[in-house]
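Asks: Below is one structure. I have some questions about it.
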Amino acid sequence: MDYNQFQWIREPKSYKINNDTIEITTKPHTDLWQRTYYHFQNDNAPVLQMEIEDDYFSFTVKTDFEDSHHRFDQCGLVMYLDSENWLKCSIEYENEIYQHLGSVVTNEGYSDWATTEIDANIKTMWYRLSRRVDDYRLECSSDGINFKQMRICHMHKGKGKIQFGIYACSPEDSSFKAVFSNMSIGECQWLAHDGQQPDSE
């Protein structure tokens, strides 16, 4: 991909953009979260995104977080529309035994968090974002070939021109290097639904 298409939201102090990789070194106390459960708000994670108007596409990226070591260290795929409307998927470090593979969808200022526990030895993961107008699917893969669905969601402000890309952050007192590679964008890999027909009005 042409990284010149990407622009920073909150440019990090330390990063490198090479021919085939992007490295971000996180700052402590950076995060993306809005209100839900404990009313905490944090909107200061660095985000690198591009714009697109296509109603149907898929975006894929590989993440390497070998350096993560502190609770909630994370890096992954993001679609950041504004401070109160965005989605992300990543692995969040928890401890030396397990991590949380999950996704957050934030609509109109409220975040959710859907997770599953995975082994702490996993240090790379692929993610894929697919768009069908204002509905989205997030997937993950350990090899970049076989993807598994993480969730399907609707974004209230997800029509028309959107922005998507990558992010990395350390919500607590930590810092680590996140490495992104193998970014690509192409035809939508989320096929039209061929099951139950919509209810008639």
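The values are calculated or read from the model by the stated rules, or taken from the named source; none is laboratory data. Keep in mind it's a predicted model, so treat the numbers as computed, not measured. Don't worry about glycine lacking a Cβ; one is built from the backbone with ideal geometry, like all the others, and counts go over all protein chains shown. Just the protein is used for accessible areas: all its heavy atoms, side chains included, with ligands, DNA and RNA removed. Shrake-Rupley method; radii C 1.70, N 1.55, O 1.52, S 1.80 Å.
Asks: A 18 angstrom limit on the alpha carbon distance is what I want to check against. Which of LYS62/LYS148; LYS88/LYS148; LYS62/LYS157; LYS62/LYS177 exceed it?
Replies: LYS62/LYS157
Asks: Please report, in Å, the Rg and the Dmax of the chain, where both are computed over Cα atoms only.
Replies: Cα-based Rg and Dmax for the chain come out at 16.2, 54 Å.
Asks: Would you mind working out the accessible area per residue for the chain, using a 1.4 Å probe, and quoting it in Å²?
Replies: 52 Å²
Asks: For the range 20-67, what does the convex hull of the Cα positions come to per residue, in cubic angstrom?
Replies: Residue-normalised Cα hull volume stands at 162 Å³.
Asks: Relative to 2.2 N^0.38 Å, what does the C-alpha radius of gyration of the range 98-201 come to as a ratio? Two decimals please.
Replies: 1.24
Asks: Between TRP113, SER141, LEU81, whose Cα lies farthest towards the positive end of the dipole of the chain when Lys and Arg beta carbons carry +1 and Asp and Glu beta carbons carry -1, centred on the Cα centre?
Replies: LEU81
Asks: Over the Cα atoms of the range 71-125, compute the convex hull volume and normalise it per residue, giving Å³.
Replies: It is 69 Å³ per residue.
Asks: Let me check I've understood the local charge: for ILE185, count other residues with C-beta under 11 angstrom from its C-beta, Lys and Arg +1, Asp and Glu -1. What total comes out? It would help to have the intermediate numbers written out before the result.
Replies: Numbers: positive: ARG128, ARG131; negative: ASP2, ASP54, GLU187.
That sum, taken over residues with Cβ under 11 Å, equals -1.
Asks: While we're on this one: On a C-alpha basis, how far is the centre of the range 11-61 from the centre of the range 147-201 in Å? Whole number, if you could?
Replies: For the range 11-61 versus the range 147-201, the Cα centre distance is 13 Å.
Asks: Which of the chymotrypsin sites (Phe, Trp or Tyr not before Pro) found in the range 4-69 are in a DSSP loop and have at most 15 neighbouring Cβ atoms, other than their own, within 10 Å?
Replies: Working: sites: PHE6, TRP8, TYR15, TRP33, TYR37, TYR38, PHE40, TYR56, PHE57, PHE59, PHE65; in loops: PHE6, TYR37, TYR38, PHE40, PHE65.
Hits after loop and neighbour filter: TYR37, TYR38, PHE40.
Asks: Which residue, SER14, SER142, SER130, has the most motion in a Gaussian network model of the chain that connects Cα atoms within less than 10 Å?
Replies: Checking each option, the largest mean-square fluctuation is seen for SER14.
Asks: Which loop trypsin sites (Lys or Arg not before Pro) in the range 102-180, with loop taken from DSSP, have no more than 15 other Cβ atoms within 10 angstrom of their Cβ?
Replies: LYS123, LYS157, LYS159, LYS161
Asks: Please list, short to long, the whole-number percent of alpha-carbon pairs of the range 1-113 in consecutive 10 angstrom bins beginning at zero.
Replies: 12, 44, 37, 8, 0
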